[in-house]
1. Tell me whether region B:217-240 contains one or more residues that are touching a residue at least 12 places away in the same chain (Cβ under 8 Å), polar (S, T, N, Q) and in a helix (DSSP H, G or I).
2. Any residue at all in region B:174-195 that's open to solvent by 10 Å² or more (accessible area, probe 1.4 Å), more than 21 Å from residue B:361 (Cβ to Cβ) and in a loop (DSSP other than H, G, I, E, B)?
3. Applying the selection to region B:41-99, what residues are among the β-branched types (Val, Ile, Thr) and more than 10 Å from chain A (Cβ to nearest Cβ)?
4. Does region A:217-234 contain at least one residue that is at pLDDT 95 or above and either among the hydroxyl-bearing types (Ser, Thr, Tyr) or on the phi > 0 side of the Ramachandran plot (or both)?
5. Identify, by number, the condition in (1) modelled with pLDDT of 95 or more; (2) farther than 18 Å from residue B:410 by Cα; (3) β-branched (Val, Ile, Thr); (4) surrounded by fewer than 24 Cβ atoms within 10 Å (Cβ to Cβ) that residue B:200 doesn't meet.
6. Scan B:268, B:275, B:259 and give me the residue that is open to solvent by less than 10 Å² (accessible area, probe 1.4 Å) and under 30 Å from residue B:132 (Cα atoms).
7. Which numbered condition in (1) in a helix (DSSP H, G or I); (2) open to solvent by 20 Å² or more (accessible area, probe 1.4 Å) is the only one that residue A:206 fails?
8. What number of residues within region B:464-483 are farther than 16 Å from residue B:425 by Cβ and of a type in the set (D, E, K, R)?
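The values are calculated or read from the model by the stated rules, or taken from the named source; none is laboratory data. Remember, predicted model here, so these are calculated numbers, not experimental data. Don't worry about glycine lacking a Cβ; one is built from the backbone with ideal geometry, like all the others, and counts go over all protein chains shown. With ligands, DNA and RNA removed, areas are computed over all heavy atoms of the protein, side chains included. Shrake-Rupley method; radii C 1.70, N 1.55, O 1.52, S 1.80 Å.
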There are 2 protein chains.
Amino acid sequence: MPTSDKHLSLKRLAIDTYKENVAYLHRECALYRTEGFQALAKLEVRNGKRKILAVLNVVDDDAIVGTDEIGLSEQAFAQLGQKEGTQVAIAHAEPPASMDAVRRKLRGERLSAEDYNAITQDIADNRYSKVEMAAFVVTSGQTGLDRDEILYLTHAMAATGERATWEEPLVADKHCIGGIPGNRTSMIVVPIVAAHGLLIPKTSSRAITSPAGTADTMEVLAKVEIGPKRIREIVHALRGCMVWGGTAKLAPVDDILISVERPLGMDSLGQMVASILSKKIAAGSTHLLVDIPVGPSAKVRQMREALQLRKLFEYVGDRSGLHIEVIITDGRQPIGRGIGPVLEARDVLQVLGNDPDAPNDLRQKALRLAGRVIEFDPDVRGGEGYTIARDILDSGRAMAKLNAIIDRQGRQTRTIPPGSLSFEITAGRDGVVTAIHNQLMAHIARLAGAPMDKGAGVDLMKKLGDPVAKGDVLYRVHAEFPPDLQFARDQSRRNCGYTIGKPEDIPPYSFGL
Amino acid sequence: MPTSDKHLSLKRLAIDTYKENVAYLHRECALYRTEGFQALAKLEVRNGKRKILAVLNVVDDDAIVGTDEIGLSEQAFAQLGQKEGTQVAIAHAEPPASMDAVRRKLRGERLSAEDYNAITQDIADNRYSKVEMAAFVVTSGQTGLDRDEILYLTHAMAATGERATWEEPLVADKHCIGGIPGNRTSMIVVPIVAAHGLLIPKTSSRAITSPAGTADTMEVLAKVEIGPKRIREIVHALRGCMVWGGTAKLAPVDDILISVERPLGMDSLGQMVASILSKKIAAGSTHLLVDIPVGPSAKVRQMREALQLRKLFEYVGDRSGLHIEVIITDGRQPIGRGIGPVLEARDVLQVLGNDPDAPNDLRQKALRLAGRVIEFDPDVRGGEGYTIARDILDSGRAMAKLNAIIDRQGRQTRTIPPGSLSFEITAGRDGVVTAIHNQLMAHIARLAGAPMDKGAGVDLMKKLGDPVAKGDVLYRVHAEFPPDLQFARDQSRRNCGYTIGKPEDIPPYSFGL
């Protein structure tokens, strides 16, 4: 017989449901019967003023939850912040009020700044289900956001989390929109810029769909999970750092939306701009260099799209007190030789160590970017940044700075070698390399185990334009476990990612103009 | 140390995750570590040729799953169809191939019949996550589907499930697009039409967001969960039935998409047409009467929208071998007096019993619909259906037919009274009733406990145009449990759903023309 007592005893279930709160009710629970809840319905779970929203799963096993209990997944339990055994009330959760705005967007309306504030606040409060978030992401995807809407969304997302302040007039940063494997310029740019004296407190992400994020590669050399107070001390002492941004709670709604966008393979320009700039505004940056690589297998494939993206960055930046310079770079192939944390770290150390064998494309690109960041310094004449950066690199001061940062963040005691299992892919005919497919090389490196296995990845022996003879090694794949090696080998056999042809087949860098 | 053994022992977890498969891996499970899975990632779980897809939840409790086990939620376990302890392999699931078509739709392209077939097949095979389904639903929502695309989607959905055949040239059906509380005409139309001799094997849904579906109300009188073989016997003997459609596995993809559309509050015309007609085609109907109520608080609010919807039904029906008649009806207020299963069943029995106190609007509407269905009979002259229907009703033959159907389906032995707890809402001033808000009355009935508590609901004492004096009872709310009564009372106090005004304030039935 159902009871009118609306309370259940709280239980923590050790189930990790990632960014989604789940509540577990027994099928015989009186409240489940009375209230007419349905599996996957959204519940509000309340204790006094604390309340959370969660998706309902129904349980038929007393060992998981009893009939007078409610189980919460790990994240939901932590969010409610109450002890096990606490009496909690449950109710049907109303759909978030801001879904009205999403429905208006769906009908083709432009939304206001207030609408975007309401949407991001509801998302931050966990009021949106995955399905509702997908609806928002899809309606605002592609050409769905005009530039003012991108501005509103940027500010709304920046306002949902913490905000760092550095009490300095110039806080520099650089950011690449991604998509180019091996592109670890930040680990060279930051030491150069910090050695020049500009403040560059760099926070980076871990890889989500790529074989390595800057945080993953830096972690080969130093600890990167560092609290806000320690970051402040390091930056104060050294003018720079390279840490994982995940602890800082900057623009958390951006992370939530990314967890929906990525599986959909959606990467709209508007959402990209809002995502990047909301994080930078929250991080307290004042000057930002944005790197947009263009190439046939890069995120941006046409020069005109790169220019459109540049305008969007400038429009939003100018209205947010963030000085933005955009640099369009060659995205026709991976940068450097290594793809995967250990192999990329090796490239970075070769460049900083002025090793004659260092990959020159990584060195040149890093110098060009560092030069542009240095020119944010009002005391540097336009055009002189590159020379300054090169002097800092050649003199060994950049390497010294990296070592200082590594020591402060906490040097890794273990040296990780490249994965001990390997195979090589060779050229099937004579010719020159006319294309190296960015996404395919990234995919092979991930199949080999990167970034989870730090030594896994791909080592490129030939780059665009290099002449090859039949049988020459194009690249070597490293893995730590046999099945991963096999997955990567199967993929390489299906499509190795390289094209061999005649020199005139190489697309010019300005191909998209 | 991770192992290269890729097998795990299967465990059934008694967790009901509704239409979503969930797999549970222990955080210390070797495969979780090696493969770099992430919570909420999609896995493929395989044993020989049997395989399913499931969303990953990570578990930190050996009691739920051990490190060498994989737990599956109830639906996922049933779908895989293997015994506990079976060794299964897991792998990252590739995104469904048809998501490419969804992305093309997102970019504004029209999709082909092949695209819709691929999408619905992937959804039927559980290859779509909720987020991917939301993307599909949203991109094809609103005006996103042209009429050929609606046709393709209809046929593709009908093809995903079972298909009923009746071996008769004329299989009649009626369907209301919904949104009007108390609108239980099917329970009157089916007995009349079956008594006339046309075949009308009616399957109905349970309420999802409304206070009662026809299946919920019929269940007050008879069993409605009946297997396909028994349904066939009943229809053979009596020419009609009124059963729950959930056991028939007709167009299952429609149910899956509805579980995504409903929480989003999306009700696009195209999706509505495809949803209704795919079910009818799969059910083997040859002649269908579609009821489109129009009113200020109905699903369709403007006459021009009703006409647009009519054209869509006709277009798809004509190309599917399904003869369709559309009838546009008065949707300005609830039909009959009762809202909620027991109260609606009472209204139906009053009409069929020719009770002088029976609600006349329900009687008239049911006769009009039954007359139109009877005119599907080639032997009936156009315009004579209504008279035939009225004769069948007045003679008691419709009531006799209902009783025969009830007895064959299984008569309920218990008579359920209206909920014993109640309160009344009275008029705040003199005047006439100028509006009764459909959604609000439905919401109050649901808060009172309908459809889960069969006796719960709302009993309307006044209808549109009725004169009222201050203090007159407008409606009575019934509930079975005090908190439900309180929820309904709170809502009625905020907004009682009735408007009292002058006779000229009543919107004319043709208001939207």
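1. Yes, some residue in region B:217-240 is touching a residue at least 12 places away in the same chain (Cβ under 8 Å), polar (S, T, N, Q) and in a helix (DSSP H, G or I).
2. Within region B:174-195 (the criterion being open to solvent by 10 Å² or more (accessible area, probe 1.4 Å), more than 21 Å from residue B:361 (Cβ to Cβ) and in a loop (DSSP other than H, G, I, E, B)), the answer is no, since none of the residues qualifies.
3. Scanning region B:41-99 gives B:45, B:52, B:67, B:70, B:86, B:88, B:90.
4. For region A:217-234, residues at pLDDT 95 or above and either among the hydroxyl-bearing types (Ser, Thr, Tyr) or on the phi > 0 side of the Ramachandran plot (or both): present.
5. Exception for residue B:200: condition (4).
6. Details: B:275 fails: open to solvent by less than 10 Å² (accessible area, probe 1.4 Å); B:259 fails: open to solvent by less than 10 Å² (accessible area, probe 1.4 Å).
Criteria check complete, one pass: B:268.
7. Evaluating residue A:206 over (1) in a helix (DSSP H, G or I); (2) open to solvent by 20 Å² or more (accessible area, probe 1.4 Å) leaves (1) as the failure.
8. Total meeting the criteria: 1.
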